[in-house]
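What follows is a single structure, written as structure tokens, with notes after it.
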Amino acid sequence: MDAFYASVEQRDNPELRGKPLAVGGSKERGVVAAASYEAREYGVRSAMPSRTAYRRCPHLVFVKPNFDKYRKVSHQIREIFYRYTDLVEPLSLDEAYLDVSHNKKGITSASKIARQIREEIKAETGLNASAGISINKFLAKVASDINKPNGQKTIMPEEVISFLEELAIAKFYGIGTKTAEKMKSLGIHYGRDLKTWDLALLQQEFGKAGSHFYNIVRGLQKSPVKPERERKSLGAERTFSEDIRGIAAAEKALKEIFEIWISRIQASGLKGRTISLKLKSQNFEVLSRSHSLDQPSNSPEVLWHWAQDLLHQDYKGEALRLIGLSLSNFSELKASSSTQLTLDF
């Protein structure tokens, strides 16, 4: 979905249409959970502190998130998916993988299926969706971002290798800013550069991720679409551009991370028992602490209380490069299995 939370709010409030909009927090505090495309023109992005967003766009409109409403719309969209296939793997409220190899309508073109699904979403919800179509999940994900908003991109099987060779390394899904910077320092700027590295050297430089990089640049990925996959944990973390030091700075950073984390938890509809805090020092030493509740919860008040408590248990004010929070031991998890299939594009 294109700017999902913001688009839902603009759909339901005509006064917000065409205006730069941020969902989440306020201009004084919190973080941006989602930004409309009008806001993105000013450099406003999700997970950005609200104050930073407001400085970039002084006429930015802030709207409190309504996750109950977003979940209802998400379920409505998912029902459209199920008209075509039962092999639907949700990634979040606004994104999913679909295996349409053996689809319910007997359509032989995956691109046509994507177009029809997008048309039905628009007709029934008033919202725009974009799609990526290709031979595996990695390529479909990369393709889905190419013609946003309200577009789609198909990477045909015979185009895969040339597409990946010309793709900028920062556009590879799963390669974050830090990894991309490291790759560029090693002379890896495009897929064709990455492809010249052998497996052993990639593993030496990037550990276990090296095998993944070796495969994806060759169009190799065997991960099937997994309907209603089991989520073991849900978290948020931030690596700071400069180390932070002292309890006041750590509490401020923790609060910003918490805002992102709790929005993800409430969007998922899950409740968990175990809250975990991760601290990474400037020397890359990791300290992890957890607390288990008597009952599963997704209450912001409860989770914030224990997030603060975990921070104060062991943190003595030393320099930190990362803080992370996660929730696990969920109630009512579902799991299923599926088989990877094939069809024409």
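Does Tyr37 meet the test of being of a type in the set (Phe, Trp, Tyr), on the phi < 0 side of the Ramachandran plot and either free of Cβ contacts under 8 Å to residues at least 24 places away in the same chain or touching a strand residue (DSSP E or B) at 6+ places or on another chain (Cβ under 6 Å) (or both)? Considered against the rule, which asks whether it is of a type in the set (Phe, Trp, Tyr), on the phi < 0 side of the Ramachandran plot and either free of Cβ contacts under 8 Å to residues at least 24 places away in the same chain or touching a strand residue (DSSP E or B) at 6+ places or on another chain (Cβ under 6 Å) (or both), Tyr37 comes out as no. The criterion of at least 3 residues that are without any contact (Cβ under 8 Å) to a residue 24 or more places away in the chain is met by the following strands (runs of 3 or more DSSP E) wholly inside the range 257-331: 286-297. Here is the figure for the range 32-55: residues that are surrounded by fewer than 24 Cβ atoms within 10 Å (Cβ to Cβ) and part of a strand (DSSP E or B) total 1.
Could you pull out every one of the helices (runs of 4 or more DSSP H) wholly within the range 56-173 that has 1 or more residues that are at pLDDT 95 or above and under 17 Å from Ala34 (Cα atoms)? Walk me through it before giving the result.
Details: elements: 67-82, 110-125, 137-144, 160-166.
Fully inside the range 56-173 and qualifying: 67-82.
Listed here are the residues, each with its yes/no results for (1) surrounded by 20 or more Cβ atoms within 10 Å (Cβ to Cβ); (2) within 25 Å of Ala6 (Cα to Cα).
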site	(1), (2)
Arg245	no, no
Ile257	yes, yes
Ser268	no, yes
Lys278	no, no
Ser281	no, no
Val286	no, no
Gln295	no, no
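Determine whether the range 218-228 contains at least one residue that is of a type in the set (Asp, Glu) and either out of contact with any Asp or Glu (no Cβ under 9 Å at 6 or more places or on another chain) or surrounded by 15 or more Cβ atoms within 10 Å (Cβ to Cβ) (or both). No, because not a single residue in the range 218-228 is of a type in the set (Asp, Glu) and either out of contact with any Asp or Glu (no Cβ under 9 Å at 6 or more places or on another chain) or surrounded by 15 or more Cβ atoms within 10 Å (Cβ to Cβ) (or both).
From Ser211, Ser233, grab the single residue that is touching a helix residue (DSSP H, G or I) at 6+ places or on another chain (Cβ under 8 Å) and either among the hydroxyl-bearing types (Ser, Thr, Tyr) or over 27 Å from Ser276 (Cβ atoms) (or both). Before the answer, list the steps.
On the way: Ser233 fails: touching a helix residue (DSSP H, G or I) at 6+ places or on another chain (Cβ under 8 Å).
It is Ser211.
Scanning the range 1-31 for residues that are crowded, with 16+ Cβ neighbours inside 10 Å and assigned to a helix (DSSP H, G or I) returns Phe4, Tyr5, Ala6, Ser7, Val8, Glu9, Gln10, Leu16.
The values are calculated or read from the model by the stated rules, or taken from the named source; none is laboratory data. Computed from a predicted structure; not experimentally measured. Counting neighbours? That spans all protein chains shown, and the Cβs are built from the backbone with ideal geometry, glycine included.
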